[in-house]
Amino acid sequence: MELLHNTEKLPQAFLQDLERLLGTEEYREYLASFSRSPNLGLRVNTGKLSPDTLVSLCREALEPIPWISNGFYYNRKKGDGERPLWEPAKDPYYYAGLYYLQEPSAMTPASLLPVKPGDAVLDLCAAPGGKATELGSRLLGKGILFANDISSSRAKALLKNLERFGIPNICVTSESSQRLAKALPEFFHHILVDAPCSGEGMFRKEPEMIKDWEKKGPEYYEPIQREILKDAIALLRPGGYLLYSTCTFSKIENEDNIAAVLNQFEEMELVPLPLFPGASDGFGLSGVLRLFPHKIRGEGHFLALLHKREGIKKQTRKNGNQLEQNVGFKTAKRPEKEKMVSGGQPEELDQFLQGISRRFQPAQIRQIYHSLYYLPEQFPEDTGLRFLRTGLLLGELKSGRFEPSQALAMTLKPDEASRVIRFSHEDERVIRYLKGETIPLTKGEGSAKGWHLVCVEDYPLGWAKGNGETLKNKYYPGWRYQ
């Protein structure tokens, strides 16, 4: 990781604006922060385990992040520059989806959105998934999480992170905010908009952002952000909450955008966010949060929480009743390439599920070509949206047999599968499995033939097929250990 130590490389226009914003004394403190190393953080997947449990499993020095209940600082290298002490991205627990590596201040937006199980939630600019994985884990498999990114390549990385976290009730799309607003008016209880921005808060950690700022500064992003906010408000149902955030310091991308929303949309009101040690109030707009690297152990963020009041300036709904049509699961006419499996499951799937204690409702299973998906209860039909994933991919039908998916494995608990192989964290076969190798078994391990759920301790990694002596590796190639 390249770290910018020489503040002379910072754009002069940026420095002048920041000095006017902070004042001379605090501006000097900000410049001094460039002499310090960035803080590395990880966030626990509370859908799989508690923060205390992860601490006991990792046996590493993890320091709590004061304002994030499931966040920790960690040290990757010794201070004297010796070989890495711990590389969390290469730990089997990372592959089990027990935590997400995330910059500490970037953990804040998702932590402040009041999501609860059963809600319909949208992360509008979601890639690579740091915030979406937190929102999804808090749903506990109930409700629906839409995770969208306009870049299809980035949306693929987003999907991988959501599936690794074991979140089943997802819909991953690659759409503009305008198309989403047209397809799903007032559908969501809560929306997170971590908007594209000029990235001033990342200059210290990612110096390459400076060149982008010089080409596309705050004035370029401000109209984009306002359009996204307008569409997000159209997507939000009355009574819902919208969390707007950026990783930039520019006032026109932050407070000015929120002030414009409050002036233009009578139904929107600002919900004051409480300050915590190191956090700052807004400039010219109280009730928002600002995080700076000279005041907290993080890079910097802006956050504002908005509430859509009920009974005020009610927006017109498509077809007069679009929300009610979208909320429930319903059968609808589909293209020939898609068919709903109704009145019973395919025999191949049914045979496999006999070894799984979790129950799947047949009415929520959809077959697209040879793939089988389990749709969330609130899945909206016939939207015309481009989905990378609709719900949980159960697996594939191949020549009269069913092959379960990597995504399904990551949602299960060991006691939900009839055949389970548990390896200790220190067992060298764990890494061999993650690399896609055939795994030898000792006497008494996996004597039964058929599909086995492979776990590190009590946490699933993927599937393998046993023959009594070895495990034929079925770990997804795109996820393999590097």
**Fill in**
Over segment 255-298, the set of residues in contact with a Lys or Arg (Cβ under 8 Å, 6 or more places away or on another chain), assigned to a loop (DSSP other than H, G, I, E, B), in contact (Cβ under 8 Å) with a residue 12 or more places away in the chain and closer than 27 Å to G71 by Cα is G278, A279, G282, P293
**Request:** Taking the residues in segment 70-95 that are assigned to a loop (DSSP other than H, G, I, E, B) and at pLDDT 95 or above as candidates, determine which candidate is nearest to the chain's Cα centre (by Cα).
**Result:** N70
**Complete:** Residues of segment 278-299 being open to solvent by less than 20 Å² (accessible area, probe 1.4 Å) and within 22 Å of F34 (Cβ to Cβ), in sequence order, are A279, S280, R290, L291, F292, P293, I296, G298, E299
**Request:** Among the residues of segment 377-392, count how many are more than 17 Å from the chain's Cα centre (by Cα) and in contact (Cβ under 8 Å) with a residue 60 or more places away in the chain.
**Result:** 8
**Message:** Please count how many residues of segment 468-482 are surrounded by 16 or more Cβ atoms within 10 Å (Cβ to Cβ), modelled with pLDDT of 95 or more and either over 23 Å from the mean Cα position of the chain (by Cα) or of a type in the set (K, R) (or both).
**Reply:** 2
**Request:** Assess whether Q264 counts as being open to solvent by 10 Å² or more (accessible area, probe 1.4 Å) and at pLDDT below 95.
**Result:** no
**Hits in segment 422-444 (condition: buried (at least 17 other Cβ atoms within 10 Å of the Cβ), closer than 12 Å to N473 by Cα and in contact (Cβ under 8 Å) with a residue 24 or more places away in the chain)** = V430, Y433, L434, I439
**Prompt:** Would you say P51 is modelled with pLDDT of 95 or more and either over 19 Å from the mean Cα position of the chain (by Cα) or open to solvent by 20 Å² or more (accessible area, probe 1.4 Å) (or both)?
**Reply:** yes
**Request:** Name the residue, out of L275, L229, L270, L235, that is buried (at least 19 other Cβ atoms within 10 Å of the Cβ) and farther than 23 Å from S198 by Cα.
**Result:** L235
**Request:** Confirm whether E348 is in a strand (DSSP E or B), within 23 Å of H452 (Cα to Cα) and in contact with a Phe, Trp or Tyr (Cβ under 9 Å, 6 or more places away or on another chain).
**Result:** no
**Message:** For segment 1-69, give me every one of the helices (runs of 4 or more DSSP H) that falls completely inside it and has 1 or more residues that are in contact with a Pro (Cβ under 7 Å, 6 or more places away or on another chain) and free of Cβ contacts under 8 Å to residues at least 12 places away in the same chain.
**Reply:** none
**Qualifying strands (runs of 3 or more DSSP E) (wholly inside segment 362-403; at least 1 residues being surrounded by fewer than 19 Cβ atoms within 10 Å (Cβ to Cβ) and among the basic types (K, R))** = 392-398
**Request:** Quickly run through segment 96-117 and pick out the residues that are aliphatic (A, V, I, L, M), open to solvent by 10 Å² or more (accessible area, probe 1.4 Å), under 21 Å from N75 (Cβ atoms) and outside any helix (DSSP H, G or I).
**Result:** L101
**Fill in**
Expected output for segment 452-476 (first residue more than 18 Å from A407 (Cβ to Cβ) and touching a residue at least 40 places away in the same chain (Cβ under 8 Å), partner open to solvent by less than 10 Å² (accessible area, probe 1.4 Å) and of a type in the set (F, W, Y), Cβ below 9 Å, 6+ apart or cross-chain) is E457/Y93; E457/F423; L471/Y433
**Asked** So how many residues does segment 427-467 have that are acidic (D, E), at pLDDT 95 or above and assigned to a loop (DSSP other than H, G, I, E, B)?
**Response** 4
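The values are calculated or read from the model by the stated rules, or taken from the named source; none is laboratory data. A quick note: this is a predicted structure, and the numbers were derived from the prediction, not measured. Using ideal geometry, Cβ is built from the backbone for each residue, glycine included, and neighbour counts are taken over all protein chains shown. Each accessible area value is taken on the protein alone, full model and side chains, heavy atoms only, with ligands, DNA and RNA left out. Shrake-Rupley method; radii C 1.70, N 1.55, O 1.52, S 1.80 Å.
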